[in-house]
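Here's the structure, in structure tokens; my notes come after.
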Amino acid sequence: MKNIVVLVSGGGTNLQALIDAEKRGEIKGGKITCVISSKPDVYALERAKQNGISTRTIPRKEYADVSSYTKAVTDALIDEKADLVVYAGFMTILDEQVVKAFPYKMMNVHPALIPSFCGKGFYGLHVHEAVLESGVKLTGATVHFVTEVCDGGPIILQGAVPVMNGDTPEVLQKRVMEQAEWKLLPKAVSLFCEDKIRIENGKAIVEDAQ
Ligand code: GAR
């Protein structure tokens, strides 16, 4: 069984999707063993506690810089014996120390079709605001490995979601979560835990991808 550690910063609906998938037996070969939050008192921590999952809070604002914060998170991940680290609405940038400690063992869910609407400043509702501003008719979600490049690691799974007339950022966010994020993230986690993802020439090759 692989130990899955989930990093969160907010409401934790993606964490909930992982918990629900695990309960349905859909995370084959893995178990969520710890949830780590960059903020105290977020609802994601409550979701973990309600499901008997141990939690740690490592508040970003208690650290002077990215490097000291990354070291604290990396040490916690090592201590937790993480086999897979999942960024599920984790809004804090970590530097290369954690990538070196967990190479191709960390994945992130991003609420757009990378390489569009991603990189620094594109997070949460800002992504959907930018999508609506641009006028594109399709958006979606991407699950990718975390590397030193923000939102630039090998893509594991993507799903497209239509943009509709009259969408607000909130309405579009909900559709992207329901139709893409909450399905793709548990699937990618399970594929990883089943050793069905490999890296070739900097790309993720996924067996059984649908
Ligand atoms: C999700 O839409 C996630 O994709 C996004 O923030 C939201 C968190 O919601 N993440 C990013 O924008 C990271 N760049 P949640 O806390 O309910 O899972």
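The values are calculated or read from the model by the stated rules, or taken from the named source; none is laboratory data. Since we're looking at a predicted model, the values are computed, not measured. Neighbour counts run over all protein chains shown; Cβ positions are idealised from the backbone, glycine included. Please note that ligands, DNA and RNA were not included when accessible areas were found on the heavy atoms of the full protein model with its side chains. Shrake-Rupley method; radii C 1.70, N 1.55, O 1.52, S 1.80 Å.
One line per residue, one yes/no per condition, for (1) touching a strand residue (DSSP E or B) at 6+ places or on another chain (Cβ under 8 Å); (2) farther than 23 Å from residue 29 by Cβ; (3) not hydrophobic (A, V, I, L, M, F, W, C):
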site	(1), (2), (3)
125	no, yes, no
151	yes, yes, yes
161	yes, yes, no
187	yes, no, yes
207	yes, no, yes
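Scanning region 121-136 for residues that are within 11 Å of the ligand (Cβ to nearest atom) and more than 15 Å from residue 171 (Cβ to Cβ), we see that the one that is surrounded by the fewest Cβ atoms within 10 Å (Cβ to Cβ) is 121. Residue 101 fulfils the conditions (1) buried (at least 20 other Cβ atoms within 10 Å of the Cβ); (2) within 25 Å of residue 30 (Cβ to Cβ) except for a single criterion, (1). Being β-branched (Val, Ile, Thr) and assigned to a strand (DSSP E or B), is that true of even one residue in region 122-133? No; the residues of region 122-133 include none that is β-branched (Val, Ile, Thr) and assigned to a strand (DSSP E or B). Beta carbons closer than 7 Å, at least 6 apart along the sequence or on distinct chains, pair a first residue in region 16-37 that is more than 17 Å from residue 81 (Cβ to Cβ) with a second that is surrounded by fewer than 18 Cβ atoms within 10 Å (Cβ to Cβ) and not hydroxyl-bearing (Ser, Thr, Tyr) for 19/51; 22/31; 28/194. The residues on offer are 199, 114, and the sole one that is within 14 Å of the ligand (Cβ to nearest atom) and among the β-branched types (Val, Ile, Thr) is 114. The set of residues in region 137-146 that are more than 13 Å from the ligand (Cβ to nearest atom) and surrounded by 17 or more Cβ atoms within 10 Å (Cβ to Cβ) contains only 145. When residues in region 148-168 are screened for being crowded, with 17+ Cβ neighbours inside 10 Å, touching a residue at least 40 places away in the same chain (Cβ under 8 Å) and not in a strand (DSSP E or B), 3 of them pass.
Only one of the listed residues (31, 39, 81) is modelled with pLDDT of 95 or more, open to solvent by 20 Å² or more (accessible area, probe 1.4 Å) and within 16 Å of the ligand (Cβ to nearest atom). That residue is 39. The condition (being in a helix (DSSP H, G or I) and either under 15 Å from the mean Cα position of the chain (by Cα) or touching a residue at least 12 places away in the same chain (Cβ under 8 Å) (or both)) is satisfied by just one residue among 141, 112, 204, 188: 188. Scanning region 84-96 for residues that are within 12 Å of the ligand (Cβ to nearest atom), part of a loop (DSSP other than H, G, I, E, B) and buried (at least 17 other Cβ atoms within 10 Å of the Cβ) turns up 88, 89, 90, 92.
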